[in-house]
Amino acid sequence: MEILSPAGSPEGLVASIKGGCDAVYLGGKAFGARAFSQNFSDKEIEGAVNYAHERRVKVYVTVNTLIKDHEMSDAVSYVRFLNDIGADAVLIQDLGLLGKVGGLGIKKHASTQMGIHSAEGLEWCLENGIDRAVLARELTFDELSSIVKASKIETEVFVQGAMCYCISGGCLFSSIAGGRSGNRGQCAQPCRKAYLFNEKEGFFLSNADLYAVNWLERLKSIGISAVKIEGRMRSHAYAYLASKVYSMVNSGRPWEEIADTADLLKTVFNRGFCEGYLPGVSGLVQSKYADNRGFLLGTVLIADRKFSLSELKEAVNIRDGLSIFKGKEKIGGFKVSSLGTAVVPFKIENGKYEVYRTYDPRIDEIKNLIGEIPELKGKRERKPHAASAKRIDRPAKDPDLSFYVSSIKVLNEVVDNADRIYYDLNDSTETARKMCDKTDTEFVVNLPRFRPLMDLDVSDGSVMVNTPDQLHHYKGRKEYGSYHMNMFNSSFPQATHQTTLSVELSKSEIREVAEHHAGRIEVMVFGRTELMCTRDPELAAGTLRDEFGHDFPVYRDGFGLAHVLNSSDLLLLPHMSELSSMGIDSFGIDLRKRPASLAKVVAETYKDQDIGKKGRVTEMCGSINYGHYLREVG
């Protein structure tokens with residue numbers, strides 16, 4: 001089984017390789033999901049590939065962001081360059097880019113951002129020229145075992161590092177609420193912020209870091225091809241230690257030889273650890289703090305600025321750096337100068353405190369182990385590529401109105417004004433279908449966001465799909481693609497009857513797609529955009545309030561998933577005629593979990609395109625936004 005380690009910089013590359021990994025993954029200056037790491041220039045990537053190959057280590061390059069139309073030529077040129085310099089694989093999220101580079105010999109890995117989480121998803125990958133899938137981090141070991149046993153492509157699983165709270169590839173929180181897109185590598189990490197929830201304050205969306213050393217043998221036994229260490233934005237000491245720990249475990253070394261290195265790994269970066277969803281579906285949140293505090297040594301009683309080091313659960317050595325916390329407040333830190341009794345060198349009240357090790361002098365020795373960083377040079381120049389995009393004759397039209405609905409009460413209020421209903425799969429779905437049949441309204445079952453075993457009771461008929469897994473499983477039916485499919489450009493495959501554009505696109509970007517994509521497209525024009533969907537079983541229904549007083553509704557569905565919605569409604573009513581002139585085929589209006597009174601007014605307003613009622617709708621909603629229609633994401 002391959003150990004795959006992060007290389008966020010030349011120092012990180014050397015550190016991971018000297019730590020003993022089998023492969024590294026790194027990113028260039030663009031198109032990578034870690035835009036704020038140091039990353040590599042083209043010539044440095046070529047040098048990195050040569051350096052790694054000389055040491056029999058593979059190099060995978062991330063091109064795992066969503067690509068805008070005007071960027072497609074450059075993205076294809078970049079992948080061709082990676083193919084020419086002998087990179088071993090490229091990681092891809094964007095389905096449009098995947099289609100553009102399908103003929104190249106370089107191996108393609110489906111990024112975890114693609115959301116592959118089932119056996120059907122792996123079959124879709126095989127049919128679409130993908131050699132390996134980085135599976136969703138939300139899968140349990142039992143689900144992994146069932147999914148990969150008959151896989152004809154390689155599979156990869158995360159075992160170490162940061163755990164996204166939202167289902168892989170589906171987070172819009174940073175983008176919609178903060179203007180920085182996680183799908184574009186610029187996540188502002190709203191999940192690491194404190195919120196008020198049901199009158200309690202905490203870090204309710206902040207998962208502890210993944211630490212799955214004890215699962216390596218079991219993952220190997222079910223046929224997982226590679227295990228991945230997250231951390232391109234972390235120090236090269238972290239890269240070295242993580243690579244070393246997992247490589248030693250993978251090679252069967254006894255734990256006695258590994259334990260000290262594992263303790264150092266826990267010291268160099270630690271926001272609390274968990275085993276992810278591997279043991280089963282359980283809460284992973286570490287709600288007390290979201291920052292790196294180091295290795296928790298224990299709780300001590302400090303009196304007269306003194307405490308006994310013997311009270312700590314772990315041994316402490318001379319020159320170790322300790323930090324003292326009282327709840328979420330850091331009181332201070334110091335280096336140990338003598339063993340036995342520690343004397344705190346600053347004023348501190350008597351009481352109980354948590355003690356963390358934040359520094360171990362052995363970490364400094366890693367710099368010597370890594371040695372001098374070679375200058376990574378390359379000679380090959382990237383060749384420009386002109387991506388052909390045929391202009392489509394898309395005349396102005398009167399778009400359909402498609403309503404997202406989850407209850408019979410709301411359906412009653414909107415069905416007479418609807419061309420199409422996307423109805424959430426639940427206990428009332430068949431009743432809703434019959435109602436739509438009576439009014440000759442098209443009925444589409446909206447599938448749950450995440451279902452690894454695809455054990456859904458869905459009657460024949462049209463479905464709305466959210467992932468490539470569902471796209472493959474329900475092929476042969478009339479399929480609609482939701483905005484969670486992340487259609488970002490006109491190269492997106494025409495695999496559905498109609499696909500909703502990403503809600504991260506601006507007016508000019510929507511126009512660009514419409515001018516060059518021949519398939520039917522829908523644009524969301526009303527509703528509370530879903531910012532997160534999580535498998536966390538502990539996030540109850542309620543409201544998350546941020547530091548600015550914005551309230552984000554949370555609801556749970558019947559499939560064990562929690563959904564976090566935006567604090568205000570998208571309202572593109574003033575731009576309906578503009579969108580119609582672009583030839584948009586359908587408008588999406590999301591009225592799930594909303595009162596029937598609002599649904600009635602919204603349905604009538606959009607049916608009549610009555611801009612005069614904007615004030616009334618705004619008053620009923622409380623607040624509105626224009627999403628990214630008037631502001632591009634970077």
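Of note:
- On the stretch given as the stretch 107-118, residues that are crowded, with 21+ Cβ neighbours inside 10 Å and farther than 18 Å from His484 by Cα total 2.
- Strands (runs of 3 or more DSSP E) contained entirely in the stretch 206-317, each with at least 1 residues that are under 25 Å from the mean Cα position of the chain (by Cα) and at negative phi: 209-211, 226-229
- Restricting the first member to the stretch 409-422 and to residues that are more than 19 Å from Ser482 (Cβ to Cβ), and the second to residues that are open to solvent by 10 Å² or more (accessible area, probe 1.4 Å) and part of a helix (DSSP H, G or I), the beta-carbon pairs closer than 6 Å and six or more apart or on different chains are Lys409/Ala596; Glu413/Ala596; Glu413/Lys600; Asn417/Lys607.
- Residue among Val513, Val503, Val525 that alone is farther than 18 Å from Gln93 by Cβ and in contact (Cβ under 8 Å) with a residue 24 or more places away in the chain: Val525
- Tallying residues that are closer than 18 Å to Gly20 by Cα and touching a Lys or Arg at 6+ places or on another chain (Cβ under 8 Å) within the stretch 212-227 yields 2.
- Condition check for Leu456: assigned to a loop (DSSP other than H, G, I, E, B) and farther than 18 Å from Tyr404 by Cα: yes
- Of all residues making up the stretch 397-416, the number that are modelled with pLDDT of 95 or more and either of a type in the set (Val, Ile, Thr) or open to solvent by 30 Å² or more (accessible area, probe 1.4 Å) (or both): 12
- The one condition from (1) modelled with pLDDT under 95; (2) surrounded by fewer than 16 Cβ atoms within 10 Å (Cβ to Cβ) that Gly351 does not meet is (1).
- Among the residues making up the stretch 295-314, those that are in contact with an Asp or Glu (Cβ under 9 Å, 6 or more places away or on another chain) and farther than 13 Å from Lys352 by Cα are Phe295, Leu296, Leu297, Glu314.
- Within the stretch 556-577, not a single residue is open to solvent by 10 Å² or more (accessible area, probe 1.4 Å), within 28 Å of Glu138 (Cα to Cα) and touching a Gly at 6+ places or on another chain (Cβ under 6 Å).
- Inter-residue pairs, beta-carbon under 7 Å, first farther than 27 Å from Gly527 by Cα and in the stretch 389-408, second open to solvent by 50 Å² or more (accessible area, probe 1.4 Å) and not hydroxyl-bearing (Ser, Thr, Tyr), 6+ apart: Ile392/Ala518
- Filtered residue count, the stretch 585-634, keeping only those that are aromatic (Phe, Trp, Tyr) and more than 11 Å from Leu573 (Cα to Cα): 1
- Arg137 vs. criteria open to solvent by 20 Å² or more (accessible area, probe 1.4 Å) and touching a residue at least 60 places away in the same chain (Cβ under 8 Å): yes
- Listed conditions (1) open to solvent by 20 Å² or more (accessible area, probe 1.4 Å); (2) under 28 Å from Asp393 (Cβ atoms) are all met by Asp546, apart from (2).
- If you go through the stretch 61-86 and keep only what is open to solvent by 10 Å² or more (accessible area, probe 1.4 Å), of a type outside the set (Lys, Arg) and within 16 Å of Ser41 (Cα to Cα), you end up with Asp74, Asn83, Asp84, Ile85, Gly86.
- Subset of the stretch 436-459 (residues that are in contact with a helix residue (DSSP H, G or I) (Cβ under 6 Å, 6 or more places away or on another chain) and open to solvent by 40 Å² or more (accessible area, probe 1.4 Å)): Thr439
- Summed over the stretch 475-509, residues that are touching a helix residue (DSSP H, G or I) at 6+ places or on another chain (Cβ under 9 Å) and part of a loop (DSSP other than H, G, I, E, B) total 13.
- Search result, residues across the stretch 599-618 that are under 19 Å from Asn412 (Cα atoms) and over 36 Å from the mean Cα position of the chain (by Cα): Glu604, Asp608
- Against the test of being under 28 Å from Ser388 (Cα atoms) and in contact with a helix residue (DSSP H, G or I) (Cβ under 9 Å, 6 or more places away or on another chain), the options Lys58, Lys68, Lys107, Lys43 yield a single qualifying residue, Lys68.
- From the options Glu604, Glu632, residue that is closer than 19 Å to Ile421 by Cα and either among the acidic types (Asp, Glu) or surrounded by fewer than 21 Cβ atoms within 10 Å (Cβ to Cβ) (or both): Glu604
- Within the stretch 370-381, residues that are under 19 Å from Leu26 (Cβ atoms) reach partners that are aliphatic (A, V, I, L, M) and part of a helix (DSSP H, G or I) with beta carbons closer than 6 Å, at six or more positions or on different chains, in the pairs Ile370/Val14; Ile370/Ala15; Ile373/Val14; Leu376/Ala48.
- Selection from the stretch 168-186 of residues that are part of a helix (DSSP H, G or I), under 16 Å from Tyr483 (Cα atoms) and of a type in the set (A, V, I, L, M): Ile176
- From the list Gly96, Gly121, Gly102, the one residue that fits, being in contact (Cβ under 8 Å) with a residue 24 or more places away in the chain, open to solvent by 10 Å² or more (accessible area, probe 1.4 Å) and not hydrophobic (A, V, I, L, M, F, W, C), is Gly102.
- Selection count where residues are surrounded by 14 or more Cβ atoms within 10 Å (Cβ to Cβ), at pLDDT below 95, of a type outside the set (A, V, I, L, M, F, W, C) and closer than 30 Å to Ile167 by Cβ, scope the stretch 271-320: 9
- Of the listed requirements (1) surrounded by fewer than 17 Cβ atoms within 10 Å (Cβ to Cβ); (2) at positive phi, Gly583 misses just one: (1).
- Selection from the stretch 9-28 of residues that are surrounded by 24 or more Cβ atoms within 10 Å (Cβ to Cβ) and either under 16 Å from Val63 (Cβ atoms) or out of contact with any helix residue (DSSP H, G or I) (no Cβ under 8 Å at 6 or more places or on another chain) (or both): Val24, Tyr25, Leu26, Gly27
- Hits in the stretch 184-243 (condition: farther than 27 Å from Thr543 by Cα, open to solvent by 10 Å² or more (accessible area, probe 1.4 Å) and among the aromatic types (Phe, Trp, Tyr)): Tyr211, Trp215, Tyr240
- Any hit, the stretch 38-50, residues being among the basic types (Lys, Arg) and under 20 Å from the mean Cα position of the chain (by Cα): no
- Residue check, His484 closer than 22 Å to Arg137 by Cα, open to solvent by 20 Å² or more (accessible area, probe 1.4 Å) and in contact with an Asp or Glu (Cβ under 6 Å, 6 or more places away or on another chain): no
The values are calculated or read from the model by the stated rules, or taken from the named source; none is laboratory data. Predicted model only: the values in this text are computed from it and were never measured. Glycine gets a Cβ as well: all are built from the backbone with ideal geometry, and neighbour counts include every protein chain shown. For accessibility, only protein heavy atoms count, side chains too; no ligands or nucleic acids. Shrake-Rupley method; radii C 1.70, N 1.55, O 1.52, S 1.80 Å.
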